[in-house]
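Chemist: Below is a structure I'd like to ask you about.
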Protein chains: 2
Amino acid sequence: MISNSAQFELMSEFRAKCKKHNLKMTPQRVTIYQELVKAKDHPGCEDIFERVHKKFPDISLDTVYRTLSTFADIGVINQVEGYGEAKRYDPNTGRHHHLRCLKCNSIVDFQDTTFNNLRIPKSVEKSFVVNNIKVILEGLCKECAKK
Amino acid sequence: MISNSAQFELMSEFRAKCKKHNLKMTPQRVTIYQELVKAKDHPGCEDIFERVHKKFPDISLDTVYRTLSTFADIGVINQVEGYGEAKRYDPNTGRHHHLRCLKCNSIVDFQDTTFNNLRIPKSVEKSFVVNNIKVILEGLCKECAKK
DNA sequence: TATTATATAAGAATTATTCTTAATTGCAAG
DNA sequence: CTTGCAATTAAGAATAATTCTTATATAATA
């Protein structure tokens, strides 16, 4: 549950960030944002569309796609795994970790002892059977960092 | 570079795992597997299709999709981020981590101090600008674990 | 070598996402 | 409070990614 005051604060931050990025406050944007904040299930575009559609029958699916993507760009929300891209595969089944470039989408393997030896938190063990731990460092590869 | 003997061993393991899962050794499967082992770029189905197609002009795209998916199911290769699924979003922009159920695709947030404080390896810093560290525990949620 | 369950190619179908265009609307300036 | 315009939207077409259907071919086993 989110308290009323927390909800209010979230909304002000949202408005501030939109203003900062010259995004107009449209009812579609407000509704989509509020609907996502309510969600506990890391929904997809179609999910949000269905929920928003009840209160806002004229909204188009395209607007939901565009709006969520814009929100993620300016950092008011985050995209989570999967990323809506094509499937990709790795022949290396041994323990290793990934650097993922957010710009060119390259994925590079790396090794790290600390990451190899992470322990599963006790609290998690009670509610989840863990098969594997993935550590993904997201950012920019050397080439993309050069702008 | 993979040595000849390592390559040979990989191939025997591959054959063994296929046999164990009652998968026939077809030339398509062998070629697709070998092509993936050669790849260093975590390729997608289309990528593999293009590479295999040169040596095997009659192979169908569907076979590549099906075969890679089967291989991942029996664990000879792994699927990596993204997962070829629809985009999903998270309104929580604060630091947290995810449990991802491989069966029902649910994603649940969790907190962990150790994971919050992971350090970026020195070796990575030289070649990559890290924006954020993601820790994802993959496995089965309580409901799915009950089978 | 004959049998049979499995795997394949081909193309249709489905799903996810983006693009195009014309109409609409926030919002800043007067 | 009106006006003007750039930003935003709805609608549907277009594209991309993936899966399904079906008839044919083929590994593996007897």
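Rule-based calculations on the coordinates, nothing more; no lab input. These numbers come from a predicted model, not from an experiment. Neighbour counts run over all protein chains shown; Cβ positions are idealised from the backbone, glycine included.
Chemist: Would you please give the residues with an amide H less than 5 Å from that of A:Val80, counting only those at least 5 places away or on a separate chain, with H modeled from the backbone geometry?
Modeler: Close amide H contacts, sequence-distant or interchain: B:Arg88, B:Tyr89, B:Asp90.
Chemist: On to the next question. Relative contact order for chain A: what percent, with Cα pairs under 8 Å and sequence separation of 6 or more?
Modeler: On the way: 95 pairs, mean separation 24.1, N = 147.
It rounds to 16 percent for chain A.
Chemist: Taking amide H positions as placed 1.01 Å from N in the peptide plane, with prolines and chain starts having none, which residues 5 or more places from B:His98, or on another chain, fall under 5 Å of its amide H?
Modeler: So B:His98 has HN proximity to B:Phe110, B:Val135, B:Leu137.
Chemist: Any chance you could get the radius of gyration and Dmax over the Cα atoms of the range B:97-145, in Å?
Modeler: 14.0, 43
Chemist: In whole Hz and in residue order, list the ³J(HN,Hα) couplings for the range B:122-137 that follow from phi through the Karplus curve 6.51 cos²θ - 1.76 cosθ + 1.60, θ = phi - 60°; x for Gly and Pro.
Modeler: 3, 4, 6, 4, 5, 10, 7, 9, 8, 8, 7, 9, 10, 10, 10, 9
Chemist: Filter the trypsin sites (Lys or Arg not before Pro) in the range A:1-98 down to the DSSP loop ones having no more than 14 other Cβ atoms within 10 Å, then list what survives. Working shown, then result.
Modeler: Numbers: sites: A:Arg15, A:Lys17, A:Lys19, A:Lys20, A:Lys24, A:Arg29, A:Lys38, A:Lys40, A:Arg51, A:Lys54, A:Lys55, A:Arg66, A:Lys87, A:Arg88, A:Arg95; in loops: A:Lys24, A:Lys40, A:Lys87, A:Arg95.
Here the trypsin sites (Lys or Arg not before Pro) that fit, given the DSSP loop and packing criteria, are A:Lys24, A:Lys40, A:Arg95.
Chemist: Next question, about the same structure. May I ask you to evaluate 6.51 cos²θ - 1.76 cosθ + 1.60, the Karplus curve with θ = phi - 60°, for each residue of the range A:23-38 and list the ³J(HN,Hα) values in order in whole Hz, giving x for glycine and proline?
Modeler: 9, 5, 8, 9, x, 4, 4, 4, 5, 4, 4, 4, 5, 5, 4, 5
Chemist: What is the range B:90-147's relative contact order, in percent, from Cα pairs under 8 angstrom and six or more apart in sequence?
Modeler: Values: 55 pairs, mean separation 25.5, N = 58.
Over the range B:90-147, the number comes to 44 percent.
Chemist: In addition: Based on the alpha carbons, how large is the Rg to Rh ratio for the range A:1-51 when Rh follows Kirkwood? If you can, show how the numbers build up before the last one.
Modeler: Details: Rg = 11.7 Å, Rh = 11.9 Å.
Radius of gyration relative to Kirkwood radius: 0.99.
Chemist: Relative to the Cα centre, what is the charge dipole magnitude of the range A:9-147, using +1 at the beta carbon of each Lys and Arg, -1 at the beta carbon of each Asp and Glu, and rounding to the nearest 20 debye?
Modeler: In total the dipole reaches around 420 debye.
Chemist: Where Rh denotes the Kirkwood radius from the mean inverse Cα pair distance, what is Rg over Rh for chain A?
Modeler: The Rg/Rh ratio comes out at 1.03.
Chemist: Continuing with the same structure: Non-local amide H neighbours of A:Ser106 (under 5 Å, H modeled in plane, Pro and chain starts lacking H): which ones?
Modeler: Here A:Cys101 satisfy the definition.
Chemist: While we're on this one: Roughly how many whole Å is it from the C-alpha centroid of the range A:43-93 to that of the range B:44-90?
Modeler: For the range A:43-93 versus the range B:44-90, the Cα centre distance is 23 Å.
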